[in-house]
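Novice: I have a structure here, written as structure tokens, and I will follow up with some questions on it.
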Amino acid sequence: MKKNLFCLLYMGCFLLMAGNVPLWAQQTSPAVTTIILLRHAEKANNGTSDPPLTAVGTARARAVAGLLSNTPIDAVFSSNYLRARSTAQPLAQQKGLEVQLYDPRKQEEWLKKLLMEYEGKTVVVVGHSNTVPFAVNLLLKENKLQALDESEYEQLYVVTLSQDGSRNLLPLKLEL
């Protein structure tokens, strides 16, 4: 309990810095693009290929929305799997946005299009244990991450891309 409270206090302080906008979301120039990537929340093991979220997964999806409540978000994307859409929905609803779908099998070409369309903006992408690290590596133009373990749901990756070519990664952990 103390660990969770400390984690919430730490994240709250982090989000309150610089006028309620996280430091990683502040853009000194309109040419900075921020992509926040995360794996879908905990899924049920119901034997189907498209399971819903568990109660913990639903709580995590709400926690993501809470974490990003003071961050300006221009778009929310998700694969077309129920668990990913359900993870993205609370944030999209909070921001008054629709969850936009993407095909994770065509991720490379989709990311190129996304970067052109949302240059200088902040977007959230909900994916899967294999697609999130793949996208982070593509965005950074280096092999930093491996596929996530099937039990990992708490990681968020904030990738910032500047017009000058600099690329930065800030990994965050959202523990419940």
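Novice: What is the spin-label model distance, in nm, from Arg167 to Ser151 if the labels are put 7 Å beyond Cα along the C-beta direction?
Specialist: Placing both labels 7 Å beyond Cα along the Cβ direction yields 3.1 nm.
Novice: Tally Lys and Arg at +1 and Asp and Glu at -1 over the other residues with C-beta under 15 Å from the C-beta of Asn168: what net charge comes out? Spell out each step's value before the answer.
Specialist: Details: positive: Lys141, Lys144, Arg167; negative: Glu142, Asp164.
Neighbourhood net charge equals +1.
Novice: Cut-off 17 Å, label point 7 angstrom out along Cα-to-Cβ of Leu140: give me the residues of region 148-176 whose amide nitrogen falls inside.
Specialist: The answer is 148-149, 154-162, 165-174, whose backbone nitrogens lie closer than 17 Å to the label point.
Novice: If the cut-off is 20 Å between C-alpha atoms, which aspartates and glutamates fall inside it for Lys141, apart from same-chain ones fewer than 8 positions away?
Specialist: Glu108, Glu109, Glu117, Glu119, Asp164
Novice: Around Phe77, which amide H atoms from residues at least 5 apart in sequence, or from another chain, sit under 5 Å from its own amide H, with H modelled in the peptide plane?
Specialist: The answer is Gln100, Val124, Val125, Val126.
Novice: Residue separation times 0.36 nm, minus the C-alpha to C-alpha distance between Asn45 and Asp74: what's the value?
Specialist: Numbers: separation 29, 0.36 × 29 = 10.44 nm, distance 3.27 nm.
The span from Asn45 to Asp74 would gain 7.2 nm if fully extended.
Novice: So for each of 110-117, 42-49, 71-78 I average, over its residues, the number of other beta carbons within 10 Å; can you give me the resulting order with the highest mean first?
Specialist: Details: 110-117: 14.0, 42-49: 12.4, 71-78: 20.0.
My ranking of the peptides, most packed first, is 71-78, 110-117, 42-49.
Laboratory data are not the source of any read-out in this text; all were calculated from the coordinates shown. Predicted model only: the values in this text are computed from it and were never measured. Glycine gets a Cβ as well: all are built from the backbone with ideal geometry, and neighbour counts include every protein chain shown.
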